[in-house]
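Please treat every number below as a calculation from the coordinates, not as lab data. As the structure is a computational prediction, the values presented were derived from the model and not from experiment. Note that each Cβ is placed from the backbone with ideal geometry, even for glycine, and that neighbours are counted across all protein chains shown.
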Amino acid sequence: MNDYLNAVETSGLTKKYGDFVAVNSVDFYIPKGEIFGLLGPNGAGKTTTIRMLCGITEPSAGQGNVLGWDIQQDAESIKQNIGYMSQKFSLYNDLTIRENILFYASIYRVERAEQDQRCAELIGQLELEEEKHVQVRYLSGGLRQRVSLACAVVHRPPMLFLDEATAGVDPIARREFWDFIYEMAGSGVSILATTHYMDEAEYCNKVGMMHDGRLIKIASPDSIKEGLNGSLAAIECEPMLQAEQFLREQASVREVSLHGAQLHVLLTSKKEKTSLIKNLKGLGINITQFEFIQPTLEDVFISMIEQQQAMEQPAEKITECENG
Ligand SMILES: Nc1ncnc2c1ncn2[C@@H]1O[C@H](COP(=O)(O)OP(=O)(O)O)[C@@H](O)[C@H]1O
Ligand SMILES: [Mg+2]
């Protein structure tokens with residue numbers, strides 16, 4: 001095995017498809033034993049980034065290495081030494097849990113003499129003992145994910161890539177799954193996970209926010225939340241659309257976004273609450289709730305994307321200011 005400080009390092013990593021830039025000069029690194037979360041909406045470039053790091057897709061420009069190996073020169077070494085799990089991880093439906101794990105053990109060339117023991121160990125760790133002789137076709141989504149994880153790490157990879165590995169799984173199963181991931185990182189495994197569930201990002205040492213192929217921010221989940229500039233209010237009111245339009249036009253309002261039945265409104269200061277309530281009521285809007293809340297990562301993410309778009313469209317922003 002190679003010597004390395006950082007499990008992943010990239011510099012200017014880029015992928016183009018014709019004129020379209022799917023991943024745009026991405027720079028980041030993952031220290032050994034840390035969990036890095038790549039967050040972003042569909043089409044942001046998360047899967048393409050992972051595929052380049054796994055040696056499956058060739059970069060158009062830039063560099064990267066994984067476990068000390070160059071992603072272009074040493075793709076084969078990387079493939080043999082990483083674990084990879086996506087939402088579509090293939091399990092064999094007519095094999096039992098135990099048979100699936102043993103099957104992957106032989107694919108990954110785990111020593112024959114060690115296969116049974118490694119399989120038993122994973123069944124214990126991932127709490128699959130009761131169901132180990134059940135055919136995979138009968139398992140719930142959450143259990144399937146755990147079996148997939150067992151198969152993906154059967155060869156004890158020091159680096160694990162999780163690409164939306166918990167998509168479509170219920171929140172309790174997702175939390176259990178992340179508890180296992182957390183334990184693995186504790187034992188020195190480095191992890192790169194993509195997700196669009198913001199609650200999963202809380203498990204990560206660092207989070208990278210991706211949008212339109214670019215990595216727009218990297219920070220710890222807490223510092224990202226603290227970095228939100230202003231006070232966030234959750235407002236419930238009727239009619240909501242009219243309130244939203246009004247709020248967007250106010251100088252004291254930085255951003256407005258819709259969260260279910262609530263408007264999340266980023267105010268320049270908490271002091272603005274009184275005058276906003278008065279003005280909304282003046283328009284005939286009925287307010288049933290107006291309280292300040294802790295921002296979620298999603299709030300910050302939306303805020304960052306809006307700030308970035310505002311910077312990219314200076315002309316539009318000037319018009320907005322003139323009107324306001
Ligand atoms: N093989 C390909 N050919 C052309 N475009 C692609 C290809 N693979 C991905 N893309 C495009 O690159 C962008 C990023 O895709 P992807 O990395 O899958 O995003 P994410 O995983 O964040 O949803 C998308 O717009 C997608 O359509
Ligand atoms: Mg994807």
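Sort 208-215, 131-138 for me by packing, meaning the mean count of neighbouring Cβ atoms within 10 Å per residue, highest on top.
By packing density, highest mean first, the sequence is 208-215, 131-138.
Provide the packing ranking of 78-90, 44-56, 60-72, 9-21, i.e. peptides ordered by the mean count of other C-beta atoms within 10 Å per residue, highest first.
Peptide ranking by packing, descending: 44-56, 60-72, 78-90, 9-21.
To one decimal place, what orientation-averaged projected area in nm² is obtained for the convex hull of the Cα set of region 1-52?
Across all orientations, region 1-52 yields a mean hull projection of 4.4 nm².
Out of residues 5 or more away from Met210 or on other chains, whose amide H comes under 5 Å of its own, with H placed 1.01 Å from N in the peptide plane?
Close amide H contacts, sequence-distant or interchain: Leu39, Gly40, Ile216.
Please report, largest first and rounded to whole Å, the three semi-axes of the ellipsoid equivalent to region 174-280, where each semi-axis is the square root of five times an eigenvalue of the C-alpha gyration tensor.
In descending order, the three semi-axes are 36, 15, 13 Å.
Return the sequence-ordered ³J(HN,Hα) values of region 192-201 in whole Hz as given by the Karplus equation 6.51 cos²θ - 1.76 cosθ + 1.60 applied to θ = phi - 60°, using x for Gly and Pro.
10, 10, 9, 7, 10, 8, 5, 5, 5, 5
Give the calculated FRET efficiency between Asp222 and Asp27 to the nearest 0.05, with a Förster radius of 25 Å applied to their Cβ-Cβ distance.
About 0.70, to the nearest 0.05.
Let me check I have the definition right: for the chain, take the eigenvalues of the Cα gyration tensor, multiply each by 5, take square roots. What are those semi-axes in whole Å, largest first?
Over the Cα atoms of the chain, the ellipsoid semi-axes are 43, 24, 15 Å.
Answer rounded, prolate or oblate for region 129-182, using the Cα gyration tensor with square roots of eigenvalues a ≥ b ≥ c: rounded when a/c is under 1.5, else prolate when a/b is larger than b/c, else oblate.
It is oblate, given that a/c is not under 1.5 and a/b is not larger than b/c.
Percentage of Cα-Cα pair distances in region 228-323 greater than 17 Å, rounded to whole percent?
For region 228-323, the share of Cα pairs beyond 17 Å comes to 50 percent.
Residue-wise, which Karplus ³J(HN,Hα) couplings in Hz belong to region 242-252, taking 6.51 cos²θ - 1.76 cosθ + 1.60, θ = phi - 60°, and x for glycine or proline?
Ordered by residue, 3J(HN,Hα) equals 5, 4, 4, 4, 4, 4, 4, 8, 8, 5, 7 Hz.
Above 21 angstrom, tally the Cα pairs of region 109-203 and express them as a % of all pairs, no decimals.
Value for region 109-203: 32 percent of Cα pairs lie more than 21 Å apart.
Which value does Rg/Rh take for region 1-112 over its C-alpha atoms, Rh per Kirkwood?
1.02
Charges only on Cβ, +1 for Lys and Arg, -1 for Asp and Glu: so what's the dipole of region 6-225 about the Cα centre, in debye to the nearest 20?
Its charge dipole is roughly 400 debye.
Between 0 and 90 degrees, rounded to the nearest ten: what's the tilt of helix 97-107 against the longest Cα principal axis of the chain?
70
Could you give me the ³J(HN,Hα) list for region 34-43, computed from phi with Karplus coefficients 6.51, -1.76, 1.60 and θ = phi - 60°, whole Hz, x at Gly and Pro?
Karplus values, whole Hz, x for Gly and Pro: 9, 10, 10, x, 9, 10, x, x, 4, x.
Between Ser60 and residues 5 or more places away or on another chain, which pairs have amide H atoms under 5 Å apart, with H built 1.01 Å from N, and which residues are they?
Close amide H contacts, sequence-distant or interchain: Thr14, Lys15, Lys16.
Compute the acute angle (0 to 90°) between the alpha-carbon long axis of helix 297-312 and the principal axis of greatest extent of the alpha-carbon atoms of the chain; round to the nearest 10°.
70
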